[in-house]
1. Other chains' Cβ within 10 Å of A:138-145 residues: what's the mean?
2. Given Cα pairs under 8 Å that are at least 6 residues apart, what percent is the relative contact order of region A:425-483?
3. Please report, in Å, the Rg and the Dmax of region B:184-298, where both are computed over Cα atoms only.
4. Would you compute, for the Cα atoms of chain B, the largest minus smallest coordinate along each principal axis and list the three values in descending order, in whole Å?
5. What list do you get for A:396, A:326 if you sort them by fewest beta carbons within 10 Å?
6. Considering chain C as a Gaussian network with a 10 Å cut-off on Cα pairs, which listed residue, C:151, C:74, C:195, attains the greatest mean-square fluctuation?
7. Quantify how strongly other chains surround peptide B:234-244 by giving the mean number of their Cβ atoms within 10 Å of each of its Cβ atoms.
8. Based on the alpha-carbon gyration tensor of region C:1-58, what equivalent-ellipsoid semi-axes (square roots of 5 times the eigenvalues) come out, in whole Å, largest first?
């Protein structure tokens, strides 16, 4: 009998403890641990708190909720956190805004957490969503119309910035005439997403090869690199043209190669009659694929490219096995840097992508905004999000703190307060502009007038010129012949082209695009590897159309 | 007639905490499986999303590669299940023959280690080791006079590479269960057999194996429930377009669909399908074992 | 046991030792490699030059890991989770396995009970309903969400109930005759005699709680509250995501390097790796049956 009672007691104790704990922690539901600095803001300030224009102060203070994605690069000074930092102080003291984070999650799981949160009914006042999510929310009438709000409350700089791509991104966020999201323009967006060619300059010299001005040059260089021992170590351990298994992204991509043939994979283009067609099935793709399969057959492309993602390609670069690959503007700062650390004698140069006849190529550009800031319908202070955007631009870009350094820029210890701001909308071309300013300043030998971030790069470049080898990575990106010089060239000549379809995924796209992409990638890989003849491309095009491609094309044209 | 119901009460009471826990944390959330039949949109929630019945299942079956994906999944999973029994049982028996306790324990610990590494890390290592040009495995193969094999890049080899590398990672885990089973066999049985002049081999076949059989059957049955789980994390980190044909499994495909849009309805439908298949197979195993061996697996 | 001196057996022994040693080495090599990477310079590691021995020996990555307060915080969360989670798991496992190991005559509806448990191993509503349930209970962002959604390890229960069943019936019968109730029988007889299997499922429970990462990211509202593996996940995989999506130079310069990742992984696995040898003592204890007549 005693045992039975004991068992019962133990079991009920366990359950009670569990329930008691939940009761205690119930009050913590949804909040993060760090208390806000200073007085907690009043309960939403009441509807009497209003502002009339950009950068006004709310009195009494208001509270708005949002959610955040953070990542490993978010580092804080002692005692600071995402809820308590230089921005939160500014918001509170200067503008009467308290931003409360309902939750904070690692970037990699943001989409999951956001969707689940929405499904459970936890919707913050404002948040970042992608095109599809924006569409769904707008269909349910859950978003505020931001058009008039932007007009009244957006600062001039914000408005200017949002139009830097001629309104493409704003367009993408407009449904039935209503602007439902503010695009999150990204640093290094737009023209800075164009690809370029990275080459080992010392290898070119060793083998007396020309700089790549045409596709034939690229092929010549690739073949020589693969066969003629460019690093002169008497070992047959180098590859020709770098190619990663994903084909069209990151380092080791061949998107730029295809662009040289006027082929545009994974993108929608306008044909001669003004209709939208899909780049991956156009005949120009066939020409480019054929060239690649020849290169593979001749052993100029690594036989194992199909198992190598860009990390493995980076390893080959670092280990002096790869000296020619297409890549993006920021690769030099980490991928080629590793090689330079290992081999201080290595020299790298960057070139614009090339075409068969040497004429200018139109590089394919990524969308200027993939994410949008939206405001929940019925939020008490819908304009607050726009105000926050204003504040970011005002304090980060428009204010000069000289002679003190800008308090928001990244510091030596890795703390980068600029990133803590909840509404990050950066000028697309901030780095490109910085590059230009830096070149001017270097010509004049005077960098004192430079703002952020140009001043950072100017300093690094000057240090390198003075002998600090650690700063080499800055030259490969921001130096006179660095990757930005290529972007500069593209921009000056207005060469980049964007995806002609900027809308959210159409119904058939959601259903079938993944299968089509799989089929596409498989086919292309097989053709390159020689496991399928080039004529399979035509088969692919037919199948693609039948398996949903035609349907998608129709829907896409309907939407535009 | 119920034997001594008073005796039974403590037993029923003991079950209460477990039942309460699964009621709250398994059965209540299970109601959400209804998402599999909805065109689920997060903002609409479960109660607001449109009911579409079996549409997700129809969509799956009509996918151009569905039979290929299904085949890959079942083929790879089955091989993993079989290997997952044979290898650990064999290793457990071999380990049992080691007389030196200290050495035995060391081996036991070491073989358990790979279980802790994630496929994210292991894939990088594996790609290097299996590289046709620079990998150590192929260097050995070439020494033996054969051509190098593109383990991760060829459809002929990819599934087997998956199974073997997975087994290498996981076998230490199951070996533990079988060692525990061996430890539970009455030593007197072995002594009696020795007296009868049985060789070690005979002892293994007539005592060890039968002694382990209940556990083996149990583990086999439980793993059959995994027939549709070919191992997302492993495949995802090791595959590429070149081996989609043999390596794309249900989970990796559903993952790629999820990139376009948050396809919770479809993902839940896939999960439901997997569960139903698992339930069916486990029930059949349970029934067969009971009917023919009078053995209740659980 | 003796009498195995036949030549055939001796050869077998030699081969056996050799084979198992080779196998063990094969298993331990990747860890040795990672260990070497964690002590190497980043440039060497990125170039893939590190094999089984550090290149350009440095302890920088360990300094980085061990002083990174986020790491320590996450370790603390995991330790708490393991403590609570394993206790709850084991309590429930034993409490449920014991009754279910009886036959239907001793426990009415036994088969129904068993299937109620096994069913949950196969069917699930997915993460959305689980999240909603936890939210409703107010458990989000607490240690309890992690510990309670995993409270009933059916797999372990099924294993343990099988081991319980294999214990000789005579033990229980004798105790019943002596007038002992089930509670006494369970704690006094079954549990002590099942050291091997209890150690096994305890190990499984420890490892499950130690390794779980997805629930941490999903159910916790701030990276400060992540358990260790969730944190490590953000380090290893999250960094890839950063590099893939961010073209911000300064961000790229700041993400921790390969060697630090290796160091973090290593430090994250050691505690649980050390548990195993401790539990091993119990795996080899057989059943003491001196008191029972055959």
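Please treat every number below as a calculation from the coordinates, not as lab data. Keep in mind that what you see is a predicted model, and the values were worked out from it rather than measured. Counting neighbours? That spans all protein chains shown, and the Cβs are built from the backbone with ideal geometry, glycine included.
1. Mean shielding by partner chains, rounded to a whole number: 2.
2. Relative contact order comes out at 27 percent.
3. When restricted to the Cα atoms of region B:184-298, Rg and Dmax are 21.7, 69 Å.
4. Projected onto its principal axes, the Cα set of chain B covers 73, 72, 33 Å.
5. On the way: A:396 19, A:326 27.
By the 10 Å Cβ count, ascending: A:396, A:326.
6. For chain C, modelled as a Gaussian network with Cα springs under 10 Å, the answer is C:195.
7. On the way: counts 0, 0, 0, 2, 1, 3, 12, 16, 12, 5, 6.
Other-chain Cβ atoms within 10 Å of each residue's Cβ, averaged: 5.
8. Semi-axes (√(5λ), whole Å): 41, 9, 7.
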